[in-house]
Amino acid sequence: MDITSLQNPRIKHIVKLRDDKRQRKLDGLMLVEGWDEIQLALSAGHQPQTILSAPELTSRQMDAARAVNAESITVNRLVFEKMSYRENPDGWLAVFPIPLTSLDDLNPSDSPLLVVAESVEKPGNLGAILRTADAAGVDALLVCDPRVDIWNPNVVRASRGAVFSVDVVECDNTSALTWLKAHNIRILAAMPSADVEYSQVDLRDPVAIAVGTEDEGLTDFWISNADMKVRIPMLGKVNSLNVSVSTALIVYEAVRQRSRPQE
């Protein structure tokens, strides 16, 4: 066992990476907890700095740690539980460099499908949007003026590691709009007051689906610059859906349309 003390400086630093956005930004490092999430990051080509495991909590071996020349550290159960951000940890945690992607790094497909998430404030919502983006083959997620740290461990957990498999760019609204216009990508704004339902518009051409917060929706910036405005039918008494659900509905409508032969 390499580390058994709760007061070990390495463990204290990992706890700071977990809890403090400023520490993550300062070091350029983030935590990824869980066997599946780490494996997804590795398969996407990301290289961990350190992989920590607690033999008391896991029976699986991760030979990938040696394959990528990552530092491998074993800890006891108490130490791992101090670092963990899960209720029932599986005994695997890794420190990864934060994968910084800019708009200039993006290489969209011939008919790209993107999501613009404006001012997302809940880690669970951003994580769920990332899972949808991964499952639907979205080209990129542009996170504009976020209120939550993209590299928050709770975002990584909610995304099930999809934060590594999807191109994620954090940027301001103006930069995102300029990039979209330069690439001739139409902007679809999802808003409850729109006259047209989301299933009635053609989503086969290059398009970016813009969604806002549940409480406030999209700002006037995206509404005024949108090429299309659509709504999701609300037949009950509530007037809004969870933003991740709304995103999934529209994204998969685009997937459905794109799977049909061109007329």
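Which entries of 21/181; 21/237; 25/122; 25/181; 25/229 show an alpha-carbon separation above 27 angstrom in the structure shown?
Going by Cα-Cα distance, 21/181; 21/237; 25/181; 25/229 fall outside the 27 Å limit.
Kindly put 59, 5, 244 in sequence by how many other C-beta atoms sit within 10 Å of each C-beta, fewest to most.
Starting with the residue having the fewest Cβ neighbours, the order is 59, 5, 244.
Please report, in whole Å³, the volume per residue of the convex hull around the C-alpha atoms of the range 124-164.
59 Å³
What is the Cα centroid distance between the range 50-119 and the range 216-255, reported in whole angstrom?
The range 50-119 and the range 216-255 have Cα centres spaced 31 Å from each other.
Of all trypsin sites (Lys or Arg not before Pro) in the range 117-172, which ones are in loop regions per DSSP and have a Cβ with at most 16 other Cβ atoms within 10 Å?
147
Tell me, what does the Kirkwood hydrodynamic radius of the range 103-259 come to in angstroms if you use every pair of distinct C-alpha atoms?
In the range 103-259 this quantity evaluates to 15.3 Å.
So how far apart, in nm, are the two label points at residue 242 and residue 225 if each is 7 Å from Cα heading toward Cβ?
The answer from the label model is 2.9 nm.
Residues in the range 145-168 near a label at residue 174, defined as backbone nitrogen under 14 Å from the 7 Å Cα→Cβ point?
From the range 145-168, the list is 145.
Give me the log10 of I(q) over I(0) for the chain at q = 0.07, 0.10 Å⁻¹, as the Debye formula computes it from C-alpha points; what are the numbers?
The Cα Debye sum returns log10 ratios of -0.28, -0.55.
Please rank 42, 241, 93, 29, fewest neighbouring Cβ atoms within 10 Å first, as an exposure proxy.
The fewest-first ordering by Cβ neighbours comes to 241, 29, 42, 93.
Taking K and R as +1 and D and E as -1, what net charge do the other residues with C-beta under 10 Å from the C-beta of residue 219 add up to?
Details: positive: none; negative: 118, 145, 216, 220.
Charge balance in the 10 Å sphere: -4.
Using only the Cα atoms of the range 190-263, what do you get for the radius of gyration and for Dmax, in Å?
12.5, 39
How would you classify the range 1-132 from its alpha-carbon gyration tensor, with a ≥ b ≥ c the square roots of the eigenvalues: rounded for a/c under 1.5, else prolate if a/b is greater than b/c, otherwise oblate?
Note, shape of the range 1-132 comes out prolate.
Please report the antiparallel percentage of DSSP beta bridges with both residues in the chain, rounded to the nearest 5.
25 percent
Convert each backbone phi in the range 111-128 into a coupling constant with the Karplus relation 6.51 cos²θ - 1.76 cosθ + 1.60 (shift: θ = phi - 60°), then list the ³J(HN,Hα) values in order as whole Hz, x for Gly and Pro.
Result, ordered by residue: 10, x, 10, 10, 10, 10, 10, 9, 6, 4, 10, 10, x, x, 5, 5, x, 5 Hz.
Taking neighbour counts of Cβ atoms within 10 Å as a proxy for exposure, in what order, fewest first, do 222, 179 appear?
Least crowded to most crowded, the residues run 179, 222.
Rounded, prolate or oblate for the range 190-233? Axes are the square roots of the Cα gyration tensor eigenvalues, ordered a ≥ b ≥ c, and the cut-off for rounded is a/c under 1.5.
Verdict is oblate for the range 190-233.
Comparing 72, 193, 119, which has the greatest mean-square fluctuation in the GNM of the chain with Cα pairs linked when under 10 Å apart?
Evaluated over the chain, the most mobile residue of the options is 193.
If you stretched the chain out fully between residue 104 and residue 204, how much longer would it get, using 0.36 nm times the residue separation minus the C-alpha to C-alpha distance?
This chain segment gains 33.6 nm when fully extended.
Can you give the helix-only mean residue ellipticity at 222 nm for the chain, where every DSSP H stretch with n ≥ 4 adds -39500 (n - 2.57) and the sum goes over all residues, rounded to the nearest 500 deg cm²/dmol?
Taken over the chain, the calculation gives -10000 deg cm²/dmol.
In the range 194-223, which GluC sites (Glu not before Pro) fall in coil by DSSP and have 12 or fewer other Cβ atoms within 10 Å? Write down the numbers at each step before the final one.
Values: sites: 197, 214, 216; in loops: 214, 216.
Filter output for the range 194-223: 216.
Taking a point 7 angstrom from the Cα of residue 181 along the C-beta vector, which residues in the range 218-253 have backbone N less than 14 Å away?
221-227
What net charge do the residues around residue 155 carry, taking every other residue with its C-beta under 13 Å from that of residue 155, with Lys and Arg at +1 and Asp and Glu at -1?
Details: positive: 18, 21, 24, 122, 131, 147, 157, 160; negative: 33, 37, 121, 149, 170.
That works out to +3.
Report, for the range 9-97, the % of DSSP beta bridges that are antiparallel, rounded to 5.
Once the DSSP bridges in the range 9-97 are tallied, antiparallel ones form about 70 percent.
Bear in mind these aren't lab numbers, they're just calculated from the coordinates by the rules spelled out. Just so you know, these numbers come straight off a predicted model, no measurement behind them. Using ideal geometry, Cβ is built from the backbone for each residue, glycine included, and neighbour counts are taken over all protein chains shown.
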